[in-house]
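The values are calculated or read from the model by the stated rules, or taken from the named source; none is laboratory data. Please read these numbers as outputs of a predicted model, since none were measured by experiment. Heads up, the Cβs are rebuilt from the backbone with ideal geometry, glycines too, and the neighbour counts pull from every protein chain shown. To get the accessible areas, we keep the full protein, side chains included, count just its heavy atoms, and leave off ligands, DNA and RNA. Shrake-Rupley method; radii C 1.70, N 1.55, O 1.52, S 1.80 Å.
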Amino acid sequence: MIIEQIKRSVRESLQNSFREMDISIDIIRSPQEFGDLCTTIPFKVAKILRKPPYEIADKICENISSGLFSSISVSKPGYINFTLSSDAWRMFLSELEAKGEDYYRKESNGIRFQVEFVSANPTGPLHVGNGRGGIIGDVLANLLSLQGFNVEREYYVNDAGSKMDLFAQSILYYYLLTFNKESSFPEDGYRGEYIKDIASDIAKSFGDKFINMDRKVALSEVKKIGKEMMIDSIKKSLEDFGVHFDNWFYESSLYESGELEETLRLFRNTPHTYEKDGAIWFKSTLFSDDKDRVLVRSTGEPTYILSDAAYHYNKWKRGFRRVVDVWGADHFGHIVPMKALIKGMGIPDDFLEIIIYQMVHLYEDGTEVTMSKHTGTFFTLEELINEVGKDAARVFFLLKSADTHLNFDINLAKSKSMDNPIYYLKYTYARLKGILREGDLRNISYSGAESLDLSTIQTQEERELMTSLIFVEESLNNAAKNYAVHEVPFFTIDLARKINAFYQKYRVLSPGKEMQGRLALVNASLIVLSILFDIMGIEKVERM
RNA sequence: GCGCCUAUAGCUCAACUGGAUAGAGCGACGGACUUCGGAUCCGUUGGUUGCGGGUUCGAAUCCUGCUAGGCGCGCCA
């Protein structure tokens, strides 16, 4: 790929000028008057050598010999500016045309990489907050996959803890109520409408069979049925949202397989556990936690700390060497304990990375609505998708960086007048397709980059478009490196803007020497847009 | 009290992780097609980057002291 080649060329000349300098090369876009691209490498070298950046830039430039650039210059404090040559353009276009949709896909690095996300308890339907986690994980997995990782997406189903018991008790309460039997409602139980729906569904399908049953047995049955229904609903929402998982991992399977005990033994064999007040503790303070954590309660019940340890140990055993967990900010407090567990098990530090996304706040009629499964007040992901459509919903979440708080206005979402650039993107793609359709009617076709006269591409709009297309490679690198999925729609919109500026000003299908060059730009834009749409998981339309 | 996130144009958000004159959309105002899709394009307007210090060639970004909001700090997950 072209940016990769540019970096290699800069690196070579850097090391020719300054032996032993091994720093990663940055390539950024230049302001218009300074060419197409530039690097700030001289500043980095200047810091190390304590010499003026301008001198260093000059020295590096002396050693750059590359057909990729038609001109190289040094400006002000020490930038090196590059103007791309027509050879560079041709290389880019040829490779893009040859590889098509696979252009940005790097060779496999053999590393198994797991992205775990959403992982909401199956005690209720997904809400809009889960949608945020869903989009972050989904797009991140797409980005990492292009970077050459062998990526798997996983949903961890927390179906073993006390929340599930509470869930079952809540359902049973409403179930009994449908038969006019009063029972005590569990403390902090779930009161959402969906609980009542499940209860009445069970009453319809199973009749009164749970009324006289032993309460323990009834609860376990009801839990199983309710869980299935909830997971079905979650799966459907995710499917409607275009989010796909390779694997659904059940917490309960850790109990059944004996891995929970295995993990406990693992800890007991280290000096990092002790017993106190009848409970088994993990000395996580040894690993920079501020308090120790309970692995097994005094009742003998394991805590989620132990099952999370077992779960991550399982990931390690399955052969993943890099794992990203995507969590909502309400789980922030669990990061330090989780990392302590990893260290405590002797797994390398860089195994686990945790991405936190900030809370989604719901507003309706100008006031904040608290989202809670316990009180049953929330706006579901399903509702959002139904109101605004899958693609608009995806882009809506995608546009905010994970660490900003997201204010979600229900009225705005329902009005469908959401300020959403999804239509701009789709329109851009469709109108380019329109050119090709029209070209077919007029028997005009693009002849390919090899035989192209690139000297006809001269105007500012065309040049900027070409550079934008070329720079997408580096934008994808940065987004993947930073785990910053929100960058994708931003630079895609930026690209679309360049396309539209070009489209508006020049006729592509007007016979003349410029025509093939412009067709090359249209063709390349379509390929790149298509790839970016796929990464974001939004549909391409030929007509709107 | 401690930890993390946030504070940038009237509003919603960016800023390639320390890079060039802080940018987009929406809003407001003014322009552009007899043509391949006007769901478009071009221009104007709009800023003490929450406040005060510091670090250096260079700070929205880093260090420090504040202010305001959010989240977390269980033998809950």
How far is the Cα center of segment A:1-61 from the Cα center of segment A:233-304, in Å? 48 Å
Viscosity 1.306 mPa s, temperature 10 °C: what is the translational diffusion coefficient of segment A:2-84 from Stokes-Einstein with a Kirkwood Rh over Cα pairs, rounded to a whole number of µm²/s? 128 µm²/s
Report, to one decimal in Å, the Kirkwood hydrodynamic radius for segment A:422-536 based on all distinct Cα pairs. 14.7 Å
For segment A:2-84, what does the relative contact order come out to in percent, with C-alpha contacts under 8 Å and a separation of six or more? 31 percent
Could you list which residues have their amide H under 5 Å from that of A:GLY328, counting only those 5 or more apart in sequence or on another chain, with H placed in the peptide plane? A:TYR357
Carbon-plus-sulfur fraction of the accessible area of segment A:199-315, 1.4 Å probe, in percent? 49 percent
Rounded to a whole %, the carbon-and-sulfur portion of the accessible area of segment A:422-536 at a 1.4 Å probe is 49 percent
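Of all accessible surface on segment A:2-84 at a 1.4 Å probe, what whole percent is carbon and sulfur?
Heavy-atom surface of segment A:2-84 belonging to carbon and sulfur, 1.4 Å probe: 47 percent.
With every protein chain present, what is the per residue accessible area of segment A:422-536 (1.4 Å probe, Å²)? Could you put the intermediate results ahead of the total?
Details: 4640 Å² over 115 residues.
Per-residue value: 40 Å².
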Distribution output for segment A:47-121: share of Cα-Cα pairs per 10 Å bin in percent, first bin at 0, values 14, 24, 22, 24, 12, 4, 0
Tilt of helix A:460-481 relative to the longest C-alpha principal axis of chain A, in degrees (0 to 90, nearest 10)? 40 degrees
Could you go through segment A:154-161 in sequence order and give the Karplus-derived ³J(HN,Hα) for each residue, using 6.51 cos²θ - 1.76 cosθ + 1.60 with θ = phi - 60°, rounded to whole Hz, and x for Gly and Pro? 9, 10, 9, 8, 7, 10, 10, x
What list of ³J(HN,Hα) couplings, whole Hz, do you get for segment A:499-513 from phi and the Karplus terms 6.51, -1.76, 1.60, once you set θ to phi - 60° and write x for glycine and proline? 4, 5, 5, 5, 4, 5, 8, 10, 7, 7, 8, 10, x, x, 6
Run through the DSSP bridge list for chain A and note the antiparallel percent, rounded to the nearest 5. 50 percent
Just the number, please: Stokes-Einstein D of chain A in µm²/s, Kirkwood Rh from C-alpha pairs, 4 °C, 1.567 mPa s. 48 µm²/s
Heavy-atom accessible area per residue of segment A:253-335, all protein chains kept, 1.4 Å probe, expressed in Å², is 50 Å²
Simple label model, 7 Å out from Cα along Cβ direction - A:ALA430 to A:ASP409, nm: 2.5 nm
Compute the semi-axes of the equivalent ellipsoid of segment A:186-339, taking the square root of 5 times each eigenvalue of the Cα gyration tensor, and list them largest first in whole Å. 33, 22, 15
Can you give me the Cα centroid spacing of segment A:126-151 and segment A:321-399 in angstrom? 12 Å
How big is the C-alpha Rg of segment A:301-368 next to the rule-of-thumb value 2.2 N^0.38 Å, as a ratio? 1.40
On a 0 to 90 degree scale, rounded to 10, what angle separates helix A:259-268 from the longest Cα axis of chain A? 90 degrees
Calculate one ³J(HN,Hα) per residue across segment A:421-430 by plugging θ = phi - 60° into the Karplus curve 6.51 cos²θ - 1.76 cosθ + 1.60, and present them in order as whole Hz with x for glycine and proline. x, 4, 6, 4, 5, 5, 4, 4, 4, 5
Cα-based helix-to-principal-axis angle, A:515-536 vs chain A, degrees rounded to 10: 20 degrees
Express in Å², to the nearest 10, the accessible area of A:GLU228 obtained by rolling a 1.4 Å probe over the protein heavy atoms while all chains stay in place. 100 Å²
Counting each DSSP H run of 4 or more residues in chain A as -39500 (n - 2.57), what helix-only mean residue ellipticity at 222 nm follows after dividing by all residues, to the nearest 500 deg cm²/dmol? -16000 deg cm²/dmol
For chain A, what does the relative contact order come out to in percent, with C-alpha contacts under 8 Å and a separation of six or more? 15 percent
Solvent exposure of segment A:8-167 as accessible area per residue, Å², 1.4 Å probe: 42 Å²
